[in-house]
Amino acid sequence: MSTHAKLTGKHNYAEFKEETVRFRVKKMTDMRDAIKDATDLHVKISYGNRKLGAVPSVSLIPVFDCGRGCEMCSKGCYDVRNVCCYKESQKQRANNSARLKLDREKYFREIEAHVQFHRVWRWHVGGDLKDYDYLGQVVGIAERNQHCQFLIFTKRSDLVNEWLDNVGEFPKNLHLLLSGWRGDKDVNPHKLPVSSPVWKDGSKSCMCTENVYWCEGDCTACAMVSGGCWGAKSGDTILFEAH
């Protein structure tokens, strides 16, 4: 990919009003809270969309399940605007969030059962690492399933940096990128690869480096050649147009 790729000008990015974000998120959290019994509840897996291609993924409720770090980006959240406008997506996110809340062990056990049948996996189109234990579970699944390549974007730099400070490196098949946003802070002392939207005015995350690759918008193609996000190394930046 060109390190000097230009914006196409075809942005469809637009921030929502705060009340619209709150309405969609509350709708999903109300559905989640209405679920009291996890006995017959199972994790719902998405088997791709036009952005991911055929890459399977598991997601939670955006904003609500993102933890710290989404204050600045909630109004522009891709998942809130473009995915969680659909009733089926809302049900799926509420279901997974309830599954995690009511029986965390089964949540991860069911995900790992699905992982065993795939060579690539994406964590969280919506939602993020909930806490330090959640990150540990993600790492454990990667360690036990070396046949599969895992991709995760996260704004939970606090959890990631704590892990790297205390435990050390992540498994080589876990491709973790810090997800940047304009107006954020440089919270990347370990020089992990970074992803960032680029807005019409050219603004982007302050964590971006000079070693830039542009996302072509096809996760499946990149995964098959270990390119883009799947092959990002320390000091790399993956840019994409805000959408």
- If you check Arg144, Arg156, which single one turns out to be over 26 Å from Lys75 (Cα atoms), in contact (Cβ under 8 Å) with a residue 24 or more places away in the chain and out of contact with any strand residue (DSSP E or B) (no Cβ under 8 Å at 6 or more places or on another chain)? Arg144
- Message: Suppose we filter Cys222, Cys206 for residues that are more than 19 Å from Ile152 (Cβ to Cβ), of a type in the set (A, V, I, L, M, F, W, C) and either out of contact with any Pro (no Cβ under 7 Å at 6 or more places or on another chain) or surrounded by 14 or more Cβ atoms within 10 Å (Cβ to Cβ) (or both); which single one remains?
- Response: Cys206
- Taking His124, is it touching a Cys at 6+ places or on another chain (Cβ under 9 Å) and closer than 30 Å to Asp184 by Cα? yes
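Matching residues to (1) touching a Ser or Thr at 6+ places or on another chain (Cβ under 9 Å); (2) not basic (Lys, Arg):
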{"site": "Asn188", "(1), (2)": "yes, yes"}
{"site": "Asp201", "(1), (2)": "no, yes"}
{"site": "Lys204", "(1), (2)": "yes, no"}
{"site": "Tyr213", "(1), (2)": "yes, yes"}
{"site": "Gly217", "(1), (2)": "no, yes"}
{"site": "Thr220", "(1), (2)": "no, yes"}
- Query: When you go through Leu176, Leu164, Leu102 one by one, which is the residue that is crowded, with 17+ Cβ neighbours inside 10 Å and of a type in the set (A, V, I, L, M, F, W, C)?
  - Reply: Leu176
- Task: Among the residues of region 74-119, write down those that are of a type in the set (Lys, Arg), in contact with a Phe, Trp or Tyr (Cβ under 8 Å, 6 or more places away or on another chain) and either closer than 24 Å to Thr220 by Cβ or modelled with pLDDT of 85 or more (or both).
- Result: Arg81, Arg99
- Note on the structure: Scanning region 119-133 for residues that are among the charged types (D, E, K, R) and not in a helix (DSSP H, G or I) gives Arg119, Arg122, Asp128, Lys130, Asp131
- Task: State yes or no: is Gly126 touching a Phe, Trp or Tyr at 6+ places or on another chain (Cβ under 7 Å), touching a residue at least 60 places away in the same chain (Cβ under 8 Å) and under 19 Å from Val25 (Cβ atoms)?
- Result: no
- Message: Name the residue that is modelled with the highest pLDDT, counting only residues in region 1-48 that are part of a loop (DSSP other than H, G, I, E, B), of a type in the set (D, E, K, R) and under 24 Å from Ile111 (Cβ atoms).
- Response: Lys44
- Task: Quick one: which residue in Leu239, Leu164, Leu176 is of a type outside the set (Phe, Trp, Tyr), under 21 Å from His124 (Cβ atoms) and touching a helix residue (DSSP H, G or I) at 6+ places or on another chain (Cβ under 8 Å)?
- Result: Leu176
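The values are calculated or read from the model by the stated rules, or taken from the named source; none is laboratory data. The shown structure was predicted, so the numbers you read here are calculated from the model rather than taken from an experiment. Here the Cβ is made from the backbone with ideal geometry for all residues, glycine too, and neighbour counts use every protein chain on show.
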